[in-house]
Structures are given as C-alpha cells and as structure tokens.
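The next block holds one structure in the form of structure tokens; read it before the comments.
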Amino acid sequence: MSILEIKELTATVDGKEILHGINLSVGAGEVHAIMGPNGSGKSTLSYVLSGRAGYEITGGDILLNGTSLIESDADERARAGLFLAFQYPVELPGVSGMSFLRAAVNARLREQGEEEVDQLGFVKIVRAEAKKLGISDDMLKRAVNVGFSGGEKKRYEILQMALLKPVMAILDETDSGLDVDALKIVSEGVNLLRHPERSMLVITHYQRLLSHIVPDRVHILSGGLIVKSGDKSLALEVEENGYAGIDNVA
C-alpha cells in the first residue's frame, strides 16, 4: 500500500514551470531519498507537497493514503498527517515552545477525532520525547527556535515529528548546516521514528546523511524530473561519480 503517491505532477513558481511530471510512490513504512544537483527542483517538490503558498500545481495529483491533496491547504495537509521539516527552520519570537507544540498536537488529535491532551499530561509526554533527542527543559521553555543553534533547531523539528506522529514525513535537507555530532543525533532521532505505518521522504545533496538514515529507495531528480531510481547503492554511485552522466538516464 502506498502512503504517498505522486502522479505526473507539474508545478510552477512565479509562472515558471519547475516540476515537469513527477511520478513517485512511497509504500507504508518505507524511507525514500531524493537527491539531485542545485536547481533540480528538490525543495520545490517538498513545498508543493506541503501546500506552500506561491507554488502552483498545474497538473497531476498528490495522494496521501489514497486521498487527493490538490485542493487542500497547507494546514489541512498537516492535520491529515503530512509533516515537513524545513531546510531552514524559522524563529517565532514571542511564541512559547510548549504552547506551540501543544496547539499543533491537539489540532492533529481533533482531526483524528481523538480527545485533546491537557497541559499537565502534555508536559509529561514532551519531556519523555525530548529526553530521547537530548533536548533540555531550558530549550522547551524558550520561544520557538529563538537562540537555537542549527543542530538544536533540527532536533526541535524531530521532536515535533515525534509528537505529531505523521503518516508521511518530508525532511528537506535536514542535514544542512549540521556538524558531524549534530548530524548523528538528528539521524538517530529520525531512525527512532521509523514505523511500519509511517513513511519518509528524505531530500539531500549528500550521501553522508544516507549513511545514517539508510533509505529503501533512492531517486535522482534533475531538471524537474526523476531521471533515475535505485536502491541505496545509487547514493554511493553519486558520491563517487557526481551527477555527471546521470541526467539523461531514464
């Protein structure tokens, strides 16, 4: 069964077509990686999937658990179980981290027809998950991402994912700006969240992330199209030889 299915997806940004017919199917419990050179459309794909404003879908379809997302806004997609970890997480001055997390989790619970979590119960849940990611109580008391290092911001996103329990998680260059130690911590957090009913799409430039988060499938995106797919060895091939010669491979 496919959790995420992309069919002949085309999309424009500022009137320019960036995605030219993406086809991709991610099965339940699978982790797929998207690699490609700068300007290939990787981040555009993540934004189109998540429903970011300014990215216009001009053709094709996106299905999450068999339901089309084309007409859904970003918040509707999130409540339905789609999660996007940003390449550059934004700061939200004045917004308490705990309040932000609880509001997001309760919105997801309401969408599922479940009872909301009260404040005391939520604090216990957050602390338990935060401990696994090395997130201190001090970080939880701060405004969202304010004063966080690059590694702390990425760990905070993984915490959000752990709490929201999405069915489909998209990690957009989550290794960007991380040193070796931070990369290992973030990757361990992602691996803890692998689940038979949760799928992931990992977008990255580099093989180094895929040494920690081992994908089931690797896809090369170039010129707005997936030009080659394979198992994890494809990422090693790219690491060794670069993208030269791959662009025109079907």
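The values are calculated or read from the model by the stated rules, or taken from the named source; none is laboratory data. Here the structure is a predicted model, which means the values were calculated and not measured. Here the Cβ positions follow ideal geometry from the backbone for every residue, glycine too, while neighbour counts run over all protein chains shown.
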- Task: Assess whether A130 counts as being without any contact (Cβ under 8 Å) to a residue 60 or more places away in the chain, surrounded by 14 or more Cβ atoms within 10 Å (Cβ to Cβ), over 30 Å from G230 (Cα atoms) and touching a strand residue (DSSP E or B) at 6+ places or on another chain (Cβ under 7 Å).
- Result: no
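On the basis of being touching a residue at least 40 places away in the same chain (Cβ under 8 Å), exposed (fewer than 15 other Cβ atoms within 10 Å of the Cβ) and among the hydrophobic types (A, V, I, L, M, F, W, C), does L210 make the cut?
no
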- Query: Residues in region 174-185: is at least one touching a residue at least 40 places away in the same chain (Cβ under 8 Å) and touching a Ser or Thr at 6+ places or on another chain (Cβ under 8 Å)?
  - Reply: yes
- Task: Working only within region 26-45, note down all residues that are more than 12 Å from the chain's Cα centre (by Cα) and crowded, with 19+ Cβ neighbours inside 10 Å.
- Result: V26, E30, M35, G36, S40, G41, T44
- Item | Those residues of region 131-146 which are of a type outside the set (D, E, K, R) and modelled with pLDDT of 90 or more, in sequence order | A143, V144, N145, V146
- Task: Any chance you could count how many residues in region 78-101 are over 21 Å from L140 (Cα atoms) and either in a strand (DSSP E or B) or at pLDDT 95 or above (or both)?
- Result: 1
